[in-house]
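*Asks:* One structure follows; several queries about it will come next.
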């Protein structure tokens, strides 16, 4: 009598399945638990970061009407700094008091932030001078002499007006109720200095080059000329030969009085 090759055991089937499924379910639960822990750690770090950032923020105080010393004391306690950016006339704020500020009071900023302010010069006590028709330099001196500041100076090329003359100003002469001590000017362009385009002297006679250069108000010297040179630089013998190099180079713009250095070969 022969035995069967395999005897099925139905009783062991479900138990075996349970045993095989247990590690899978356990691994799944562990993975989910690990994911939850990672999320908790991330949210905790994010919350800590937000608290750290907001913990370094402060509110900008109200500075209007205070002196710079008072404002610096307030800002220093908050870890902020003061910068005076402008000065204006004001009939309402005492001289030296703060008229306006940026950022505005109540704004949240980080420690180390710079608060910019404008100071009061008190009420206007000086009159704006009439500088129309004066030169740019004379107008500047006149403005500063009155205790005012020179603002923007615009230069305009207007041939119908004399050169270097103030033709407009802001504020106008004798203005009252102005807010800033700056006086802006519109000045005609100064006369252009006479200029020449440097010709090319290479290959030409040194004597001819020197003659042309000096006839236009320029100065010609030789390379290596010094006060102790053996040859008199003004003697005809010093300018024999031809030019092999020059400075300034040909094509450059030069004005009267420029020194032209020539290298001469004999």
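*Asks:* Among (1) exposed (fewer than 13 other Cβ atoms within 10 Å of the Cβ); (2) modelled with pLDDT of 70 or more; (3) out of contact with any helix residue (DSSP H, G or I) (no Cβ under 7 Å at 6 or more places or on another chain), where does residue 229 come up short?
*Replies:* The single condition residue 229 does not satisfy is (2).
*Asks:* Whether any residue in the stretch 144-160 is in contact with a helix residue (DSSP H, G or I) (Cβ under 9 Å, 6 or more places away or on another chain), at pLDDT 95 or above and surrounded by 15 or more Cβ atoms within 10 Å (Cβ to Cβ) is what I want to check.
*Replies:* The answer is no, given that none of the residues of the stretch 144-160 is in contact with a helix residue (DSSP H, G or I) (Cβ under 9 Å, 6 or more places away or on another chain), at pLDDT 95 or above and surrounded by 15 or more Cβ atoms within 10 Å (Cβ to Cβ).
*Asks:* For the stretch 138-153, indicate whether the set of residues that are assigned to a loop (DSSP other than H, G, I, E, B), within 27 Å of the chain's Cα centre (by Cα) and either under 30 Å from residue 75 (Cβ atoms) or not assigned by TED's automatic domain parsing to the domain that holds residue 69 (or both) is non-empty.
*Replies:* Yes.
*Asks:* Being in contact with a strand residue (DSSP E or B) (Cβ under 8 Å, 6 or more places away or on another chain) and free of Cβ contacts under 8 Å to residues at least 60 places away in the same chain is the filter here, so list the residues in the stretch 173-189 that pass it.
*Replies:* 182, 183, 184, 185, 186, 187, 188, 189
Every residue, every condition in (1) under 42 Å from the mean Cα position of the chain (by Cα); (2) exposed (fewer than 10 other Cβ atoms within 10 Å of the Cβ); (3) modelled with pLDDT of 60 or more, yes or no:
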| residue | (1), (2), (3) |
| --- | --- |
| 9 | no, yes, no |
| 17 | no, no, no |
| 20 | no, yes, no |
| 27 | no, no, yes |
| 40 | no, no, yes |
| 48 | yes, no, no |
| 64 | yes, no, yes |
| 70 | yes, no, yes |
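The values are calculated or read from the model by the stated rules, or taken from the named source; none is laboratory data. What you see is a predicted model; the values in this text were computed from it and never measured. A quick note on method: Cβ atoms are made from the backbone with ideal geometry, for glycine too, and the neighbour counts reach across all protein chains shown.
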